[in-house]
Amino acid sequence: MSDLEATKAGSGSTTDLAAAQAAAHAQLKKVKKQKVLLMGKSGSGKSSMRSIIFSNYLARDTRRLGATIDIDLSHVKFLGNLTLNLWDCGGQEAFMENYLSQQRAHVFSNVGVLIYVFDTESRDVERDLATYVNIISALVQYSREAKIFVLIHKMDLIQPSTREAVFDQRVSVVRRKTAEAVAIVRKQKPGDQQQPSTALQSPSSADAIPDIDLDMQLFATSIWDQSLYKAWASIIHDLVPNLGVIETQLASLGVAIDADEILLFERTSFLVVSKWTSREGERNPYGDRFERMSNILKSWKHTCSKFTGTPRNAEQFSDFEYKMGPTFSMFVTKFTTNTYILVCMPPGEARFNSAKLNVAAARPWFRFLDGPAVGASPSSQMLASVGGGYSSESGGQAPDA
Amino acid sequence: MENRQLLQKKDVGSAPDLVAQQTKGTPRLLLMGQRRSGKSSISSVVFHKLPPSETLFLESTARVQKDSLSSFMDVQVWDFPGQIELFDNPNITFDIDAIFGEIGALIWVIDAQDDYLESVARLNNTILNIQRSYPHINIEVFIHKVDGLSDDYKLDIQRDITIRIQDELSDQGIENAPVNFHLTSIYNHSIFEAFSKVIQKLIPRLGQLEAMLTNLCRTCRFEKAYLFDVNTKIYIATDSTPEDMASYEICSDYVDVVIDFTEVYGSWPRTQQWRDRLEQEPWQQPMEDQVACEWAESGMVLSDAQRPIMLREVDRFLALVAIMKEGSYEKMPQINMNVDVVVKGLTEFFDITKPKEAKVLSAPPTGPGGGKAARAGGQLLRS
């Protein structure tokens with residue numbers, strides 16, 4: 001935030017300042033890649049949820065999907081400078097064994113996020129859990145910092161009244177099993193020959209290592225409702241680069257236009273990337289509104305694509321406004337290349353129109369944060385050229401070194 | 001769904017009792033058909049907003065289930081258990097007159113994925129029984145559960161059923177009975193469309209409404225305009241251009257989007273401080289004067305050919321939704337004025353056509369400011 005404001009203030013006045021800014025910009029624009037593993041038993045719904053979130057499938061369209069063979073690798077561009085390397089791992093046992101043995105290092109190293117999917121309908125829970133324990137130990141061994149998301153999937157098949165109980169029960173089982181997996185690794189650790197020096201002082205160091213691994217969240221999901229968006233929004237939330245900057249910028253925009261709530265959506269998946277809520281907006285009793293908005297807008301996108309006959313990944317609408325008399329006003333509009341913005345605000349014609357203008361004025365700032373290296377700097381053309389030169393220069397250096 | 005089950009438990013009386021305590025004067029829709037043909041699912045999805053996937057958990061209906069649709073026009077929906085045999089029943093004699101006396105339409109649900117011969121035979125029997133005494137009852141046959149069937153197969157079934165019924169009726173000497181056929185499924189918009197058609201037949205002076213909408217379309221160069229009942233997403237009138245399922249779907253989904261936004265952001269009260277702050281300094285006006293239109297209004301521009309969609313609330317129950325031609329978004333202020341006039345006309349129309357008693361109650365005609373009082377906090381909300 002602060003360096004961006006500095007950019008604004010001293011746009012192009014002194015060259016050394018500009019260089020410093022350019023360096024800061026380059027930092028902000030650094031492309032981030034994240035390896036995301038999607039695992040779980042065969043038929044548990046991994047590819048279905050991936051298709052819904054990233055390829056705009058309708059829930060009922062996922063019936064057409066066949067079994068994933070081996071690993072289905074896809075690169076999902078998410079915002080300008082974040083690419084998700086999505087490893088959709090086919091869940092048949094033969095593949096699973098393969099991941100755990102021959103491909104172990106290949107699959108489990110450098111993992112940013114592991115998403116493990118449990119099928120509530122599964123008959124052989126014990127076996128599922130055993131596989132899970134193996135996967136977790138492999139993950140802890142190769143990518144200790146990876147975040148773990150466990151999705152208890154196909155919740156729609158459970159009677160609504162018992163859903164909560166079923167979920168709680170699964171959560172406790174999974175947590176216990178995760179602890180077991182970590183314990184296994186702990187025991188193995190001294191024998192792990194990679195770092196013989198630590199192996200000497202085994203008891204203390206082994207205790208110190210695994211505890212950090214329990215960065216784990218569980219979600220009850222179903223492709224038939226918004227729960228899927230809730231889970232995926234939290235998954236991507238931590239991966240978004242420059243999130244802090246985006247959030248502070250969003251907040252100052254919110255204060256400036258008197259909004260009650262601002263949500264920033266990714267363009268294709270309509271997952272909530274960032275949000276800001278005023279104090280009045282916090283009183284909103286709908287705690288699930290963020291995933292609900294994703295769900296609403298996404299299904300609306302489908303309706304549009306059906307109506308216009310355009311492909312479902314194409315952009316479907318550019319502007320939506322809604323004024324509900326003296327209660328509230330809101331608009332959803334295409335914001336930057338990769339985002340849509342939703343603004344909910346107090347009623348009032350003048351307020352609404354000025355907010356729209358202000359959001360349009362804020363667009364270049366966010367475009368800069370969102371766009372990849374091409375993105376023009378917000379304040380001046382000159383700065384943009386300096387920044388562009390810097391990044392291309394550093395890009396040129398990289399192969400040499 | 002739970003409400004429904006509760007209701008079922010409460011209605012301990014037998015069917016004839018229920019018939020006795022009917023309300024007079026409101027048009028009634030009867031849902032009949034074989035067991036498990038999907039009658040309860042239909043009424044739950046259309047009138048109770050049950051997600052179609054959850055109809056799996058609905059239990060079999062044991063008694064007559066009455067729903068009332070309170071909207072611009074009150075309609076009662078009676079869901080008859082499939083196993084009740086109304087005619088020639090040795091155990092109970094039903095008061096046929098009480099059941100069919102004030103009925104607006106009889107909806108007969110046929111499961112297209114099942115063997116429908118028995119259902120068709122029962123339908124024929126029912127038609128023969130009521131045709132003599134109540135020749136004006138519209139008989140609407142819903143050929144149901146057609147999702148997943150191929151288009152050709154759907155039409156084949158429809159043709160087959162139509163022929164079977166027409167043949168039987170003409171054998172019995174009944175020609176031109178008012179029987180209509182609809183292909184429906186709860187998993188898409190077809191069930192709402194079918195209900196729209198059924199309800200439209202019950203609206204007095206529908207032609208007037210349609211003329212108003214046609215006129216609006218011509219003046220504002222709209223492609224298509226619908227007057228929606230917001231709660232059920234049934235459309236009660238549209239302009240005279242040819243029916244088009246795709247336009248209906250997008251308009252209906254648009255209503256959904258607006259309802260959802262309303263629920264999330266408009267259904268809870270704001271604090272007084274919030275209001276005070278917004279009414280002081282730079283604005284210096286009460287909130288009501290800051291807004292241009294006291295009813296909900298909304299617009300969306302589709303990326304494809306810049307074709308906009310607009311929505312305007314008419315009253316607590318109805319909303320006008322229209323698809324505009326490309327490029328007309330710039331003329332929005334002008335269009336809004338035209339829409340305002342039409343909305344005023346619609347309000348007057350419903351004032352006049354309302355049943356007599358209701359009209360006396362709402363005697364003072366609502367002028368431009370009068371609506372404010374009647375305006376409750378969360379209109380456009382799902383009940």
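The values are calculated or read from the model by the stated rules, or taken from the named source; none is laboratory data. What you see is a predicted model, and the numbers here were worked out from it, not measured in a lab. Positions of Cβ are generated from backbone atoms using ideal geometry, with glycine treated the same way; all protein chains shown enter the neighbour counts.
Restricting the search to the range A:255-273, which residues are surrounded by fewer than 21 Cβ atoms within 10 Å (Cβ to Cβ) and either more than 14 Å from every other protein chain (Cβ to nearest Cβ) or of a type in the set (A, V, I, L, M, F, W, C) (or both)? A:255, A:256, A:257 - these are the residues of the range A:255-273 that are surrounded by fewer than 21 Cβ atoms within 10 Å (Cβ to Cβ) and either more than 14 Å from every other protein chain (Cβ to nearest Cβ) or of a type in the set (A, V, I, L, M, F, W, C) (or both). Residues in the range A:62-108 that are surrounded by fewer than 16 Cβ atoms within 10 Å (Cβ to Cβ), out of contact with any strand residue (DSSP E or B) (no Cβ under 8 Å at 6 or more places or on another chain) and among the hydrophobic types (A, V, I, L, M, F, W, C): A:65, A:67, A:69, A:94, A:105. In this entry, residue B:186 is excluded by the filter for residues that are assigned by TED's automatic domain parsing to the domain that holds residue B:340 and within 16 Å of residue B:31 (Cβ to Cβ).
A count restricted to the range B:113-143 and to residues that are under 16 Å from residue B:179 (Cα atoms) and in contact with a Ser or Thr (Cβ under 8 Å, 6 or more places away or on another chain) stands at 3.
Can you tell me which residue among B:53, B:68 is closer than 25 Å to residue B:183 by Cα, of a type in the set (Gly, Ala, Ser) and without any contact (Cβ under 8 Å) to a residue 24 or more places away in the chain?
B:53
Of the listed requirements (1) more than 30 Å from residue B:68 (Cα to Cα); (2) within 8 Å of chain A (Cβ to nearest Cβ); (3) free of Cβ contacts under 8 Å to residues at least 40 places away in the same chain, residue B:272 misses just one: (2).
When the criteria are applied in full, residue A:139 fails the requirement of being among the aliphatic types (A, V, I, L, M), touching a Ser or Thr at 6+ places or on another chain (Cβ under 9 Å) and closer than 21 Å to residue A:35 by Cβ.
Annotation for the range A:263-274: no member residue is at pLDDT below 90 and in a helix (DSSP H, G or I). Within the range B:281-303, no residue that is more than 7 Å from chain A (Cβ to nearest Cβ) and more than 24 Å from residue B:261 (Cβ to Cβ) sits with its Cβ atom under 6 Å from a residue that is basic (Lys, Arg) and surrounded by fewer than 17 Cβ atoms within 10 Å (Cβ to Cβ) at 6+ positions apart or across chains.
Scanning the range A:306-333 for residues that are more than 7 Å from chain B (Cβ to nearest Cβ), surrounded by 20 or more Cβ atoms within 10 Å (Cβ to Cβ) and not aromatic (Phe, Trp, Tyr) returns A:329, A:332.
Name the one entry in B:298, B:240, B:247 that is part of a loop (DSSP other than H, G, I, E, B) and either buried (at least 17 other Cβ atoms within 10 Å of the Cβ) or modelled with pLDDT of 90 or more (or both). Give the derivation first.
Values: B:298 fails: part of a loop (DSSP other than H, G, I, E, B); B:247 fails: part of a loop (DSSP other than H, G, I, E, B).
When all the criteria are applied, what remains is B:240.
Quick one: count up the residues across the range A:102-157 that are in a helix (DSSP H, G or I) and over 26 Å from residue A:225 (Cα atoms). Quick ask: steps written out before the conclusion?
Initially, the range A:102-157 is screened for residues in a helix (DSSP H, G or I), giving A:104-108, A:125-142, A:155-157.
Keeping just the survivors that are over 26 Å from residue A:225 (Cα atoms) gives A:104-108, A:126-127, A:130-131, A:133-142.
Number of matching residues: 19.
From the list B:281, B:288, pick out the single residue that is surrounded by fewer than 16 Cβ atoms within 10 Å (Cβ to Cβ) and in a helix (DSSP H, G or I). B:288 is the lone residue from the list that is surrounded by fewer than 16 Cβ atoms within 10 Å (Cβ to Cβ) and in a helix (DSSP H, G or I).
So, in the range B:153-206, of the ones that are of a type in the set (Lys, Arg) and under 15 Å from the mean Cα position of the chain (by Cα), which residue ends up surrounded by the most Cβ atoms within 10 Å (Cβ to Cβ)?
Looking only at the range B:153-206, we keep the residues that are of a type in the set (Lys, Arg), and these are B:154, B:159, B:164, B:197, B:201, B:205.
Those left that are additionally under 15 Å from the mean Cα position of the chain (by Cα): B:197, B:201.
On the way: B:197: 17, B:201: 14.
So, considering only residues that are of a type in the set (Lys, Arg) and under 15 Å from the mean Cα position of the chain (by Cα), the one surrounded by the most Cβ atoms within 10 Å (Cβ to Cβ) is B:197.
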